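Undergrad: Before I ask anything, let me first share the structure, which is written out below as structure tokens.
The values are calculated or read from the model by the stated rules, or taken from the named source; none is laboratory data. Please read all numbers here as calculations on a predicted model, not as lab measurements. Methodologically, a virtual Cβ is constructed for each residue, glycine included, from the backbone with ideal geometry; neighbour enumeration extends over all protein chains shown.
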């Protein structure tokens, strides 16, 4: 995005990428349908960036979700708004958009250099690159770093840049997993996580419908309905990602975090208690819960995983668990498994045009900046908006 904005102003742009082709994480993002942005009202949209809302709001005001959709349309890619208010290309694919974009960039004179891995700066301040022809150095008039975070290293975003900027005095926060899964704490006296039965029979299966409730460190209680997936070691999926920042921070502060699952989000507590208290005669508890409340399969297995036999056979405790089943999480999954990362170059270390205070002429954009957001189009939108802002900074810098 920075290359596009700069080339449209007649500036020669050379784009370096360590991978054999560009946009690999962009293509991965489109594997299940490219979620470009989100159609909710702009004030609600920018609030998704939480503690970095103030820094990102003016950038997104300058390149709104509607502007992003118009940009895609300019590449011949029409979009639509899904039932969740997420915005997708009509064909749901990333590759056609990327092909059209790269064609336009090449037509504008952008020169692409593949398999060029940045290695930091040499003693003279020149940029070092490992290339198929050996190490080379370049001394551009201005530089935009858009190096990604630390997740999905096989696609090029490995966070190797972090110490290079830190040693140059750049204000950088440690990279952390964001939009990630979590490992579950022991669910029984003899276990370190899920039981063998639960893992072998249900790992990979979704839990739905379900609502998740969590109280963060500030005492604010969040609740959201959706679905997530049980994994070998814990939980992951969209509903977990929505809470991942708060859960991660709680674990960092206290060593664990407990979330509560409402397995019957369409039932009131009174309705659930009435059914668990109903005489079941010769029927087993599983049969009774399946016929009266639709509880079966993974949901039933989770009840057995967390509750003791005495709790399962106590109507009041069972009803409480069905509406608020506690699951304690002990650690986020490794950063390379995360969809995105938190941490990176702090806004406090840059000017409003995203130029590094300690390195004049060097600008940063995208996920390598210290911000995070849930999935839903917010990540791509902010990455593109910061790319455009960095380009505007370069234009002003070169004109000064």
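Undergrad: Criterion first (at pLDDT below 95, loosely packed, with under 13 Cβ neighbours inside 10 Å and farther than 30 Å from residue 363 by Cβ) does residue 196 satisfy it?
TA: On the way: at pLDDT below 95: yes; loosely packed, with under 13 Cβ neighbours inside 10 Å: yes; farther than 30 Å from residue 363 by Cβ: yes.
Against the criterion (at pLDDT below 95, loosely packed, with under 13 Cβ neighbours inside 10 Å and farther than 30 Å from residue 363 by Cβ), residue 196 qualifies.
Undergrad: Mind checking which residues of segment 109-141 are in a strand (DSSP E or B) and on the phi > 0 side of the Ramachandran plot? Outline the logic, then answer.
TA: Quick first cut of segment 109-141, residues in a strand (DSSP E or B) only: 111-114, 117-121, 127-131, 134-138.
Answer for segment 109-141, where residues must be in a strand (DSSP E or B) and on the phi > 0 side of the Ramachandran plot: 120, 134.
Undergrad: Please enumerate the residues belonging to segment 72-103 that are in contact (Cβ under 8 Å) with a residue 40 or more places away in the chain and part of a helix (DSSP H, G or I). Don't jump to the end; show me each part of the working.
TA: First, the residues of segment 72-103 that are in contact (Cβ under 8 Å) with a residue 40 or more places away in the chain: 79, 81, 84-89, 92-95, 97-98, 101-102.
Within segment 72-103, 95, 97, 98, 101, 102 meet the criteria.
Undergrad: What is the one condition in (1) assigned to a loop (DSSP other than H, G, I, E, B); (2) touching a strand residue (DSSP E or B) at 6+ places or on another chain (Cβ under 9 Å) that residue 188 does not satisfy?
TA: (2)
Undergrad: Do we have residue 276 as touching a helix residue (DSSP H, G or I) at 6+ places or on another chain (Cβ under 6 Å) and within 21 Å of residue 319 (Cβ to Cβ) here? Give the derivation first.
TA: Details: touching a helix residue (DSSP H, G or I) at 6+ places or on another chain (Cβ under 6 Å): yes; within 21 Å of residue 319 (Cβ to Cβ): yes.
So residue 276 fits the description; yes.
Undergrad: Could you list all residues from segment 180-193 that are modelled with pLDDT of 95 or more and touching a helix residue (DSSP H, G or I) at 6+ places or on another chain (Cβ under 9 Å)?
TA: The answer is 180, 181, 182.
Undergrad: Hey, another quick one. Of all residues in segment 335-384, which are more than 19 Å from residue 242 (Cα to Cα) and assigned to a loop (DSSP other than H, G, I, E, B)?
TA: Answer for segment 335-384, where residues must be more than 19 Å from residue 242 (Cα to Cα) and assigned to a loop (DSSP other than H, G, I, E, B): 346, 351, 352, 353, 354, 357, 358, 359, 360, 361, 365.
Undergrad: Can you confirm whether segment 307-325 contains a residue that is crowded, with 23+ Cβ neighbours inside 10 Å and either assigned by TED's automatic domain parsing to the domain that holds residue 55 or part of a helix (DSSP H, G or I) (or both)? Break it down stepwise before answering.
TA: Just the residues of segment 307-325 that are crowded, with 23+ Cβ neighbours inside 10 Å, to begin with: 322.
Now narrow it down to the ones that are either assigned by TED's automatic domain parsing to the domain that holds residue 55 or part of a helix (DSSP H, G or I) (or both): 322.
The answer is yes, given that some residue of segment 307-325 is crowded, with 23+ Cβ neighbours inside 10 Å and either assigned by TED's automatic domain parsing to the domain that holds residue 55 or part of a helix (DSSP H, G or I) (or both).
Undergrad: For the list (1) surrounded by fewer than 17 Cβ atoms within 10 Å (Cβ to Cβ); (2) under 16 Å from the mean Cα position of the chain (by Cα), I need the number of the one condition that residue 36 fails.
TA: (1)
Undergrad: Determine which member of the set 214, 202 is outside the structural domain of residue 371 (by TED's automatic domain parsing), within 17 Å of residue 331 (Cβ to Cβ) and surrounded by 15 or more Cβ atoms within 10 Å (Cβ to Cβ). Don't jump to the end; show me each part of the working.
TA: Values: 202 fails: within 17 Å of residue 331 (Cβ to Cβ).
Exactly one residue qualifies, and that residue is 214.
Undergrad: Please indicate, with yes or no, whether at least one residue in segment 10-17 is in contact with a helix residue (DSSP H, G or I) (Cβ under 8 Å, 6 or more places away or on another chain) and either more than 21 Å from residue 147 (Cβ to Cβ) or assigned to a helix (DSSP H, G or I) (or both). Give the steps one after another, and end with the answer.
TA: Restricting attention to segment 10-17, the residues satisfying the condition of being in contact with a helix residue (DSSP H, G or I) (Cβ under 8 Å, 6 or more places away or on another chain) are 11, 13, 15.
Okay, now just the ones that are also either more than 21 Å from residue 147 (Cβ to Cβ) or assigned to a helix (DSSP H, G or I) (or both), so none.
Within segment 10-17, none of the residues are in contact with a helix residue (DSSP H, G or I) (Cβ under 8 Å, 6 or more places away or on another chain) and either more than 21 Å from residue 147 (Cβ to Cβ) or assigned to a helix (DSSP H, G or I) (or both).
Undergrad: Any idea which of 168, 141 is over 25 Å from the mean Cα position of the chain (by Cα), closer than 24 Å to residue 349 by Cβ, surrounded by 14 or more Cβ atoms within 10 Å (Cβ to Cβ) and touching a residue at least 40 places away in the same chain (Cβ under 8 Å)?
TA: On the way: 141 fails: surrounded by 14 or more Cβ atoms within 10 Å (Cβ to Cβ).
Among 168, 141, only 168 is over 25 Å from the mean Cα position of the chain (by Cα), closer than 24 Å to residue 349 by Cβ, surrounded by 14 or more Cβ atoms within 10 Å (Cβ to Cβ) and touching a residue at least 40 places away in the same chain (Cβ under 8 Å).
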